[in-house]
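Below is one structure, written out as structure tokens; comments come after it.
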Amino acid sequence: MTVTFLGCGYLGLTYAAVFAAAGIKTYAVELNPDRLNPLKQGKAFFFEEGLEELISVGLKNGKLIPTDSYKDSIPNSDVVFSSVGTPDNPDGSPNLDYIYAAANEAAKYMSPKTIFVQKSTVPVGTGSKIITLFDDNDSKAIYMSSPEFLAESTSVRDVLYYDRLVIGGTDKKGTDAILKLHETVDNQRDQIAKIAGIKPVKRLDERVFVSIKSAELIKAAANSFLALKISFANSIAKLADASGADIVEVMDGVGIDQRIGRAFLNAGRGYGGGCFPKDVSGLIHSASDYGVDLSIMEAAQELNESMPGYIANRIKQILGGLKGKKIAVLGLSFKAGTSDVRQSPGIKIANLLDIAGSSVSVYDPHANGEAKKDLRSGIKIGQSALEAADDANAVIIATAWPEFRDLDFSQLKQTMLGTLIYDADNALDKDQVKKEGFVFSAPGRSA
Ligand code: UDX
């Protein structure tokens, strides 16, 4: 089988690289030259563990074919995956322009035998509209929905080892093609993981066969529920701060209950990235389009948006003001393990402190470059954690990179002017930091 991925962003590029490494002839269609040109040279436009190793294998074995041409790729493909971006509109609703543009353009080159699989996250009901579009057009391609569940920083691992493969749509040929492609990858997953330098993990490997609409809603609901868990943990963190409990102890206790689970109950500076903020607001808009009240998600969203300001305010209380204080923010990517800075809480915190009159310096091991455009102009970007922390009254750990956990705290103490460490991503060993003579604080751990 030959496949095409339309859109080589964080999702499409990872899938294309894994499929090609499994020996599947894969066209990687990307219209943005800033992404396509590096890809032709074996480079990803973002940092993700193991990805460039797989890209290089795909380019060498000729199975990965980067191109900007629908015409050269789609007519030769049995399956076309749509993995284009869905940015936000200013009102928070998803902008589906790329989704429809890709479907429209692809329709020009598909036949009734082509299987078109939607991988991007789209509002429930989008598939029906694209099916009408294909039917109105001569292509009459088969439409299926198979949303992805990969998380950045573990993308390659998540494509290889997964809990569920959702297949939305009842067409037999479409279902069989998706199953066969995944089987091809699954049969070689340990070898591909080895090339990528990733440890194999055990997952459930469930296949979930549902309607297109259910598949669309599974994806939106799963992401929104995880975001809800995080916002719930952050609400309890505020209560822990006010009452003197410790949020890590609380969530460790709560999460032991298998009905609840410990995952996604890490309180901190809130969720960021290209998925949760967008998917939560997308679900709210989608519900409202269907006349359904989803105020539970509005509350989760509001709580999340409050976290950077909450943290800036806590630091203000501890330092006795922010104006004129020198503060270092360590961690600018939205989570550790990626250079992606979309909706990054660390950047939001740094900008808020700058607005409040602090002198802010920042550092991230992989995201300094990508963060620059989103940081206010007065903020200094350091080349190391210690450089950013030089003479600082306080250091904020905004993203839990391992190198911040492993910091030489006695050296940090000598570098800093003050002694406050604010562990905004709840990443550090509180007792170890205190032992070094620091004042330690974190969301939900200020007791
Ligand atoms: C998410 C989903 O996990 C993935 O299944 C989906 O396909 C895409 O969206 P991603 O956004 O890449 O993946 O990362 P994730 O690990 O889910 O983290 C999202 C944000 O939540 C990050 O900012 C992270 O720091 C934050 N987070 C996560 C918390 O604040 N607390 C937690 O307990 C977990």
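The values are calculated or read from the model by the stated rules, or taken from the named source; none is laboratory data. Just so it is clear, the structure is predicted and the values come from calculations on it, not from any experiment. In this analysis, Cβ positions are derived from the backbone assuming ideal geometry, glycine residues included, and neighbour counts consider all displayed protein chains.
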| query | Would a scan of the range 372-384 turn up a residue that is surrounded by fewer than 23 Cβ atoms within 10 Å (Cβ to Cβ), assigned to a helix (DSSP H, G or I) and more than 16 Å from the ligand (Cβ to nearest atom)? | reply | yes
| said: If a residue must be surrounded by 16 or more Cβ atoms within 10 Å (Cβ to Cβ), more than 15 Å from the ligand (Cβ to nearest atom) and small (G, A, S), how many such residues does the range 311-335 contain? | reply: 2
| query | Which of the residues spanning the range 21-44 are free of Cβ contacts under 8 Å to residues at least 24 places away in the same chain and assigned to a loop (DSSP other than H, G, I, E, B)? | reply | N32, Q41, G42, K43
| Hey, I256 hits all of (1) farther than 17 Å from S306 by Cβ; (2) among the β-branched types (V, I, T); (3) surrounded by 13 or more Cβ atoms within 10 Å (Cβ to Cβ) but one; which does it fall short on? | (3)
| request: Give the residues of the range 141-178 that are in contact with a Phe, Trp or Tyr (Cβ under 9 Å, 6 or more places away or on another chain), more than 12 Å from the ligand (Cβ to nearest atom) and in contact (Cβ under 8 Å) with a residue 60 or more places away in the chain, sorted by residue number. | output: A141, Y143, M144, S146
| query | Of all strands (runs of 3 or more DSSP E) completely enclosed by the range 51-160, which ones contain at least 1 residues that are more than 30 Å from V341 (Cα to Cα) and touching a helix residue (DSSP H, G or I) at 6+ places or on another chain (Cβ under 9 Å)? | reply | 79-82, 115-118, 142-145
| field | Where D88 falls short, out of the listed (1) modelled with pLDDT under 95; (2) within 16 Å of the ligand (Cβ to nearest atom); (3) out of contact with any Ser or Thr (no Cβ under 8 Å at 6 or more places or on another chain) | value | (3)
| field | So D186, is it free of Cβ contacts under 8 Å to residues at least 60 places away in the same chain and closer than 14 Å to D78 by Cα | value | no
| query | When the residues of the range 288-303 are filtered to those that are free of Cβ contacts under 8 Å to residues at least 24 places away in the same chain, assigned to a helix (DSSP H, G or I) and over 23 Å from the mean Cα position of the chain (by Cα), which remaining residue is nearest to V124 (Cα to Cα)? | reply | S288
| request: Could you list all residues from the range 87-112 that are surrounded by 13 or more Cβ atoms within 10 Å (Cβ to Cβ) and in contact with a Lys or Arg (Cβ under 7 Å, 6 or more places away or on another chain)? | output: D88, P94, Y109
| request: Starting from the range 88-110, take each residue that is within 13 Å of T121 (Cα to Cα) and list its partners that are among the hydrophobic types (A, V, I, L, M, F, W, C), counting only C-beta distances under 7 angstrom and pairs at least six apart or across chains. | output: L96/V122; Y98/V84; I99/V84; I99/V122
| field | M144 being within 16 Å of T170 (Cα to Cα) and either under 27 Å from the mean Cα position of the chain (by Cα) or not acidic (D, E) (or both) | value | yes
| Do you know which residues across the range 239-276 are assigned to a helix (DSSP H, G or I), within 9 Å of the ligand (Cβ to nearest atom) and touching a residue at least 40 places away in the same chain (Cβ under 8 Å)? | F276
| query | Between residues in the range 337-366 that are under 16 Å from G378 (Cα atoms) and residues that are among the hydroxyl-bearing types (S, T, Y), which pairs lie under 6 Å by C-beta distance while being six or more apart or on different chains? | reply | G346/T399
| query | Is at least one residue of the range 409-418 touching a strand residue (DSSP E or B) at 6+ places or on another chain (Cβ under 6 Å) and either over 21 Å from L322 (Cα atoms) or of a type in the set (K, R) (or both)? | reply | no
| query | Within the range 220-238, how many residues are small (G, A, S) and within 8 Å of the ligand (Cβ to nearest atom)? | reply | 3
| message | Against the condition part of a helix (DSSP H, G or I) and either within 12 Å of A328 (Cα to Cα) or hydrophobic (A, V, I, L, M, F, W, C) (or both), how does F440 come out, does it pass? | response | no
| request: Kindly establish whether A193 is buried (at least 17 other Cβ atoms within 10 Å of the Cβ), more than 13 Å from the ligand (Cβ to nearest atom), over 26 Å from the mean Cα position of the chain (by Cα) and at pLDDT 95 or above. | output: no
